[in-house]
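Shown next, in structure tokens, is the structure this report addresses.
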Amino acid sequence: MLHPVLAAGQIEGGIAQGIGYALYEKVVWQDGRMANNQMTNYIMPTAEDVPPIHVSFEEIPFQFGGFGAKGLGELPHDGPAPAVLNAIRDATGVAFNSIPLLPEDLYLGLAAAQPAEETAAR
Amino acid sequence: MSTSESATPSKRWPAIRFNVNGEARSVKVPPMKRLLDVLREDLHLTGTKEGCGEGECGSCSVRMNGELLNSCLVPVLQAEGADIQTVEGLALDGALHPLQEAFLCHGGAQCGICTPGMLMAAAQLLQLNPHPAMPEIREALAGNLCRCTGFMRILESVAAAVDAQSASPATKLTTEQMHHAR
């Protein structure tokens with residue numbers, strides 16, 4: 001790693017963005033424009049929303065990169081959304097397959113699943 | 001300097017006087033001009049950044065009369081007679097503020113747009129609460145959005161500045177007061 005502090009910072013930042021991608025950041029399109037292009041209605045995670053993140057590196061030199069280096073800023077976006085949705089399925093038994101999963105989406109999904117669960121219980 | 005106001009001669013506007021980082025300044029600008037723009041364009045203090053321009057992101061945070069505020073929401077008229085501190089006022093004679101040192105060591109800045117606002121919000125926190133716990137640090141910085149660090153390094157930086165202050169010889173002064181005691 002060329003700069004361990006900044007490398008970990010890039011990973012943490014990407015994970016925070018991934019959490020926003022999973023739970024908050026809904027782009028509403030209207031007539032070809034983004035209708036919620038303000039920080040008041042396009043919500044992103046704040047210092048109070050991001051959980052502690054622990055980063056560890058496995059260093060495997062990349063044969064096509066200078067000195068074996070490889071960029072790492074974009075990779076951490078991929079994991080958090082599936083992880084969050086899987087955690088929700090684990091907790092509720094209901095599988096969601098679209099993001100962002102806003103509280104109202106969660107409510108609708110759980111409400112739709114409710115009758116089936118009750119039937120199964122009987 | 002600024003040519004954008006050439007159509008409206010600066011003589012037209014009454015002088016607005018205030019202190020910035022301990023220095024008396026006077027500007028002749030439209031009174032509804034945002035404090036943010038006056039700081040950046042007229043006083044050339046470009047450390048203060050514009051993020052959203054609508055008071056949501058905290059990037060333009062400055063301290064005015066001991067309060068933290070978004071300079072994009074303040075017409076310069078309201079700054080008449082005020083004491084303003086910007087991020088340029090944190091370092092003293094080339095010596096970085098302990099918070100700035102901590103941000104440097106712990107990777108608290110990545111792209112840097114949120115950093116001046118984060119520093120001002122953290123300085124305000126340390127002024128009011130010299131020994132904040134992590135939940136208090138999180139709460140104090142919740143009004144400042146950061147897109148690239150994921151906040152962890154920023155929170156760690158502020159905590160490190162708090163620790164450095166606790167480790168220093170016993171004194172009743174806060175980090176802020178020590179740094180700014182002349």
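The values are calculated or read from the model by the stated rules, or taken from the named source; none is laboratory data. All values derive from a computational prediction rather than experimental measurement. We place every Cβ from the backbone using ideal geometry, glycine too, and count neighbours over all the protein chains shown.
Tell me whether the range A:61-83 contains one or more residues that are of a type in the set (Asp, Glu), over 18 Å from B:Gln110 (Cβ atoms) and either surrounded by 15 or more Cβ atoms within 10 Å (Cβ to Cβ) or in contact with a helix residue (DSSP H, G or I) (Cβ under 9 Å, 6 or more places away or on another chain) (or both).
Yes; the residues of the range A:61-83 include at least one that is of a type in the set (Asp, Glu), over 18 Å from B:Gln110 (Cβ atoms) and either surrounded by 15 or more Cβ atoms within 10 Å (Cβ to Cβ) or in contact with a helix residue (DSSP H, G or I) (Cβ under 9 Å, 6 or more places away or on another chain) (or both).
Checking the structure you have, find out if any residue of the range B:64-81 is assigned to a loop (DSSP other than H, G, I, E, B), without any contact (Cβ under 8 Å) to a residue 40 or more places away in the chain and not assigned by TED's automatic domain parsing to the domain that holds B:Ser26.
Scanning the range B:64-81 turns up no residue that is assigned to a loop (DSSP other than H, G, I, E, B), without any contact (Cβ under 8 Å) to a residue 40 or more places away in the chain and not assigned by TED's automatic domain parsing to the domain that holds B:Ser26.
A:Asn37 passes all but one of (1) over 21 Å from B:Arg138 (Cα atoms); (2) part of a loop (DSSP other than H, G, I, E, B); (3) touching a helix residue (DSSP H, G or I) at 6+ places or on another chain (Cβ under 9 Å); which number fails?
(3)
Does any residue of the range B:88-95 turn out to be at positive phi, modelled with pLDDT under 95 and under 15 Å from the mean Cα position of the chain (by Cα)?
no
Among the residues of the range A:12-28, is any part of a loop (DSSP other than H, G, I, E, B) and within 14 Å of chain B (Cβ to nearest Cβ)? Break it down into steps so the answer makes sense when it comes.
Keep residues of the range A:12-28 that are part of a loop (DSSP other than H, G, I, E, B), which gives A:24-28.
Right, trim to within 14 Å of chain B (Cβ to nearest Cβ) and you get A:24-25.
The answer is yes, given that some residue of the range A:12-28 is part of a loop (DSSP other than H, G, I, E, B) and within 14 Å of chain B (Cβ to nearest Cβ).
Which one is farthest from the other protein chains (Cβ to nearest Cβ) among residues in the range B:137-154 that are assigned to a helix (DSSP H, G or I) and out of contact with any Leu (no Cβ under 7 Å at 6 or more places or on another chain)?
Out of the qualifying residues, it is B:Glu139.
Residues in the range B:50-80 that are within 13 Å of the chain's Cα centre (by Cα), buried (at least 21 other Cβ atoms within 10 Å of the Cβ) and small (Gly, Ala, Ser): how many?
4
Considering only residues that are hydrophobic (A, V, I, L, M, F, W, C), more than 15 Å from the chain's Cα centre (by Cα) and surrounded by fewer than 12 Cβ atoms within 10 Å (Cβ to Cβ), which ones fall in the range A:84-94?
Once the filter is applied, which keeps residues that are hydrophobic (A, V, I, L, M, F, W, C), more than 15 Å from the chain's Cα centre (by Cα) and surrounded by fewer than 12 Cβ atoms within 10 Å (Cβ to Cβ), the range A:84-94 yields only A:Ala91.
If A:Asp49 satisfies every condition in (1) under 25 Å from B:Arg138 (Cα atoms); (2) surrounded by fewer than 16 Cβ atoms within 10 Å (Cβ to Cβ) but one, which is the exception?
(2)
Against the definition (in a loop (DSSP other than H, G, I, E, B), surrounded by fewer than 22 Cβ atoms within 10 Å (Cβ to Cβ) and more than 14 Å from chain A (Cβ to nearest Cβ)), how does B:Gly47 come out, yes or no?
Here the answer is yes, as B:Gly47 does meet what is asked.
Farther than 30 Å from A:Asn41 by Cβ, touching a residue at least 24 places away in the same chain (Cβ under 8 Å) and acidic (Asp, Glu): which single residue out of B:Glu23, B:Glu88, B:Glu41, B:Glu56 fits that description?
Criteria check complete, one pass: B:Glu88.
Could you tell me which numbered condition A:Ala91 fails, if it satisfies all but one of (1) assigned to a loop (DSSP other than H, G, I, E, B); (2) more than 14 Å from chain B (Cβ to nearest Cβ); (3) among the hydrophobic types (A, V, I, L, M, F, W, C)?
(1)
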